[in-house]
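Working notes, beginning with the structure itself.
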Amino acid sequence: MKGKFITVEGIEGVGKSTNIEFIHQQLLAAGKDVVVTREPGGTPLGEAIRGLLLDPAYTGMDSTCELQLMFAARAQHLAQVIWPALDRGQWVLCDRFTDATYAYQGGGRGIDTGIIARLEDLVQGDFRPDMTLLLDVPVEVGLSRAGKRGELDRFEQEQVEFFERGRQAYLDMAQTYHGRYRIIDASRPLTEVQSQLQSLISLFMHDYTG
Ligand code: Z5A
């Protein structure tokens, strides 16, 4: 594929939405044609599935139902948005992707990672992100930042241990896939976080485009 696929990951409230806009501006300034998207969601069907996944009315959702909804939305997202954009040579910047499934459905819910890997292969084949930016903060910092926003969705209602397991799963993936992972200490002031992101994006563009 001609374009590059960058994902931004991290637990609740780490600053993904805030920093994705910053990264987007960096890529635009470097002359890249960029598609910004998110998971679960990114297509009309995916956004409808997102509505089901986040709705606190479905608090008793079975964890394998949740897992399959994540991959159902992802299959549509890949087919309709991500792969066509990359084929056209656009860069795709995605707020969460399959590593969130390993973190939340694997780490958080305790689903066997072998099962997740089988769905990943089914839906994606060997397609993986070119770079994953992991914004990392202690769970209490993320939850306190996110908690200032009002009504809680179905995930936000989870206990702190759920997010601790998710954070640990992300840190483990960063070790395993150190080639594509970059960890950013997102507990630092926003200006410092963004200066680190700027350096990482510049390096990545240099590596790929010289
Ligand atoms: N999920 C899943 O289970 N499995 C999957 O496969 C996928 C997703 C793809 C929705 O995701 C849920 O789906 C998610 C996991 C699950 N639920 N949880 N948790 P989402 O990405 O849409 O939702 P989110 O993680 O809840 O995003 P968020 O809460 O919007 O957080 P954020 O985008 O990372 O943070 P933010 O809105 O940019 O920042 C939060 C606040 O902190 C805001 O007031 C900022 O101004 C402030 N902030 C940001 N950075 C800083 C710094 N550096 N200092 C001080 N304050 C800051």
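The combined condition, being over 30 Å from residue 30 (Cβ atoms), within 14 Å of the ligand (Cβ to nearest atom) and open to solvent by less than 40 Å² (accessible area, probe 1.4 Å), is fulfilled by residue 139. Among the candidates 127, 162, 204, the residue that is in contact (Cβ under 8 Å) with a residue 12 or more places away in the chain and open to solvent by 20 Å² or more (accessible area, probe 1.4 Å) is uniquely 127. Being more than 11 Å from the ligand (Cβ to nearest atom), in contact (Cβ under 8 Å) with a residue 60 or more places away in the chain and within 21 Å of residue 179 (Cα to Cα) is a description that applies to residue 92.
Counting only helices (runs of 4 or more DSSP H) that sit wholly inside segment 86-159, those with at least 2 residues that are out of contact with any helix residue (DSSP H, G or I) (no Cβ under 9 Å at 6 or more places or on another chain) and at pLDDT below 95 are 139-146. Just one of the numbered conditions (1) touching a Phe, Trp or Tyr at 6+ places or on another chain (Cβ under 7 Å); (2) over 23 Å from residue 17 (Cβ atoms) is not true of residue 84: (1).
As for segment 42-61, it holds no residue that is under 14 Å from the mean Cα position of the chain (by Cα), within 11 Å of the ligand (Cβ to nearest atom) and open to solvent by less than 20 Å² (accessible area, probe 1.4 Å). Tell me, please, whether a residue that is modelled with pLDDT of 95 or more, exposed (fewer than 12 other Cβ atoms within 10 Å of the Cβ) and part of a loop (DSSP other than H, G, I, E, B) can be found in segment 170-177. The answer is no; no qualifying residue exists.
The values are calculated or read from the model by the stated rules, or taken from the named source; none is laboratory data. In this text, all values refer to a predicted model and were calculated from it rather than measured experimentally. Using ideal geometry, Cβ is built from the backbone for each residue, glycine included, and neighbour counts are taken over all protein chains shown. Surface areas here come from the heavy atoms of the whole protein model, side chains and all, with no ligands, DNA or RNA. Shrake-Rupley method; radii C 1.70, N 1.55, O 1.52, S 1.80 Å.
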